[in-house]
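Some notes on the structure that comes next.
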């Protein structure tokens, strides 16, 4: 499958830190939304920084639109929209002033679309950004990112600070964005319920390493968690256990084929797994 973004064995080390990004490899296919998950400090922001060339990688390759992006590669940068978790714009600007600035930066800047999003999101054109709430600043950043018609959207906690109703509205916008199958989204977030609604793939990073790359639907419909006692756990074949957590009187075991496990071990309880529980089991649990 052709990919809009491809990372191959990307590594990054920091001299004054024990953290390392170790041979990160994954891709974002055209027309897809890839959920990028992991706890704080796992390496999500470092990975995104390497993709955008704001952080220099030590080794590995990153291809965007089929080629490596160089430092001054304006053409590729024009085709990428970015929303960061935090301050995306100086607070002394207003939304109207941002529009004037971006008109001179982006060749495809669409002021009519930007004004549409400002109205849709309830944002004042003349209000200073420093007076915005966190939710308002995120809505503004999303509006700006979409208004220059990018082909790749990179979202770093873009729904953080939004109420559930507005989050649902944003998710619909993101689904519309990839509807042509010529655009894609790399969506870094800790709100895994958002990914269960819209993601096509899940990439899990932990302590600078990729632990899982899987289709979202396969996780939701095929993976499972076997709830068992010590005897049932010991009777399981080792190859059936991906990861597990021991509780007082129960062991939760992550399995990749729920129906197979139910048939193989009659009388057991195997629940469907949420992305959130899968992340916890893989990052906090024991492994074979």
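Computed from the coordinates by the stated procedures, all read-outs in this text should not be read as laboratory data. It should be emphasised that the depicted structure is a prediction, and the values quoted were computed from it without experimental measurement. Every residue, glycine among them, receives a Cβ derived from its backbone with ideal geometry; neighbour counts consider all protein chains shown.
Miscellaneous remarks
- The simple Förster model, with R0 at 41 Å and r as the Cβ-Cβ distance, assigns residue 108 and residue 18 a FRET efficiency of 0.45.
- Length gained when the stretch residue 248-residue 115 is fully extended (0.36 nm per residue, less Cα-Cα span): 42.3 nm
- Per-residue Cβ neighbour rank within 10 angstrom, fewest leading, 180, 192: 180, 192
- In the chain, the longest principal axis of the Cα atoms and the axis of helix 164-177 are about 80 degrees apart.
- Calculated FRET value between residue 240 and residue 193, using beta carbons and R₀ = 30 Å, to 0.05: 0.60
- Cβ-based exposure ranking for 265, 14, 223, 92, in which fewest neighbours within 10 Å come first: 92, 14, 265, 223
- Inter-label distance for residue 214 and residue 87, nm, one decimal - labels placed 7 Å from Cα along Cα-to-Cβ: 4.0
- Evaluated over the chain, the Cα radius of gyration and Dmax, each in Å: 21.1, 68
- Isotropic mean projected area of the C-alpha convex hull, the stretch 222-287 (nm²): 4.0
- Counting only alpha carbon atoms, the long axis of helix 275-284 and the longest principal axis of the chain meet at about 70°.
- Two-site label geometry, residue 284 and residue 67: point separation in nm, points 7 Å out along Cα→Cβ: 4.7
- Tilt relative to the chain, helix 134-146 - C-alpha long axis, 0 to 90 degrees, to 10: 70
- A crude spin-label estimate for the pair residue 149 and residue 130, with each label 7 Å from Cα along the Cβ direction, gives 3.6 nm.
- DSSP bridge pairs, the chain: antiparallel proportion in percent, nearest 5: 70
- With R₀ set to 45 Å, the beta-carbon distance separating residue 227 from residue 182 gives a calculated FRET efficiency near 0.55.
- Taking 65, 177 and counting other C-beta atoms within 10 Å, the order from fewest to most: 65, 177
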